[in-house]
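Here the structure is laid out as structure tokens; the discussion comes afterwards.
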Amino acid sequence: MGTWGTGPFDSDLAGDFVDGLEGLSSQQIINVLAQAFLRVTNAKARVDGGDGIQAIAAAALVASALPDARIHIDPDDGPKEPLPELPVSFRAAALLALQRVLQDGSEMATGWVDSDDADQWRHEVQQVIDALEPPTNHSK
């Protein structure tokens with residue numbers, strides 16, 4: 001597996017995950033994204049690195065598809081076709097999965113050789129989390 005950066009799509013596995021959505025029906029895409037979240041949230045004490053990579057990519061896709069999208073995906077990284085309308089529950093599922101990926105039992109959280117890369121990766125994941133958080137209404 002090749003990794004060339006710390007972003008949600010900066011690995012061969014993330015690229016393969018996105019490419020795997022091509023040609024799927026809307027329901028199949030929804031199922032693939034849901035499974036990416038479930039593999040991480042249902043993991044026992046240790047979250048597999050590959051599962052973590054896919055969950056981060058799926059969460060970034062969900063964040064980019066929100067009506068209030070605060071994250072944008074480079075067209076070279078995202079799916080060729082727009083995502084179908086996603087279940088409202090995906091926002092919470094993606095947040096839960098990302099929280100698990102950031103925990104110490106996660107291969108992704110502990111697998112970085114360079115501490116600067118680890119910090120940058122955490123920052124990138126936090127940006128996706130921030131984009132998934134529902135906007136706060138500051139009006140009275």
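What the table below lists for this structure:
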{"read-out": "Spacing of the two label points (7 Å from each Cα toward its C-beta) at Thr3 and His72, in nm", "value": "2.8"}
{"read-out": "Listed residue (Pro134, Ala36, Trp121) projecting farthest to the positive dipole end of the chain, Cβ model", "value": "Pro134"}
{"read-out": "Loop chymotrypsin sites (Phe, Trp or Tyr not before Pro), region 56-140 (other Cβ atoms within 10 Å of the site Cβ: 16 or fewer; DSSP)", "value": "Trp112"}
{"read-out": "Compactness relative to 2.2 N^0.38 Å, alpha carbon Rg of the chain", "value": "1.00"}
{"read-out": "Helix-derived mean residue ellipticity, 222 nm - over the chain, DSSP H n ≥ 4, -39500 (n - 2.57), to 500", "value": "-17000 deg cm²/dmol"}
{"read-out": "Accessible carbon and sulfur surface of the chain relative to its total accessible area, %, 1.4 Å", "value": "50"}
{"read-out": "Electrostatic dipole magnitude of region 45-121 [Cβ: Lys, Arg +1; Asp, Glu -1; Cα centre; debye, to 20]", "value": "420"}
{"read-out": "Neighbour-limited loop hits for chymotrypsin sites (Phe, Trp or Tyr not before Pro), region 1-47 (at most 15 other Cβ within 10 Å; DSSP other than H, G, I, E, B)", "value": "Trp4"}
{"read-out": "Residues of the chain: accessible area per residue with a 1.4 Å probe, Å²", "value": "56"}
{"read-out": "Cα-centred dipole magnitude for the chain, charges only on beta-carbon of K, R (+1) and D, E (-1), debye, nearest 20", "value": "760"}
{"read-out": "Charge dipole (debye, nearest 20) of region 94-140; +1 at Cβ of Lys and Arg, -1 at Cβ of Asp and Glu", "value": "400"}
{"read-out": "Amide H within-cut-off set for Ser106, under 5 Å, with H built and near neighbours excluded", "value": "Val47"}
{"read-out": "Candidates Ser11, Ser89, Ser106, ranked by Gaussian network fluctuation over the chain, Cα under 10 Å, top entry", "value": "Ser89"}
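The values are calculated or read from the model by the stated rules, or taken from the named source; none is laboratory data. Fair warning: this is a prediction, and the values are worked out from it, not measured in the lab. As a convention, Cβ positions derive from the backbone with ideal geometry for all residues, glycine included, and neighbour counts pool all protein chains shown. SASA here: full protein model, heavy atoms, side chains in, ligands and nucleic acids out. Shrake-Rupley method; radii C 1.70, N 1.55, O 1.52, S 1.80 Å.
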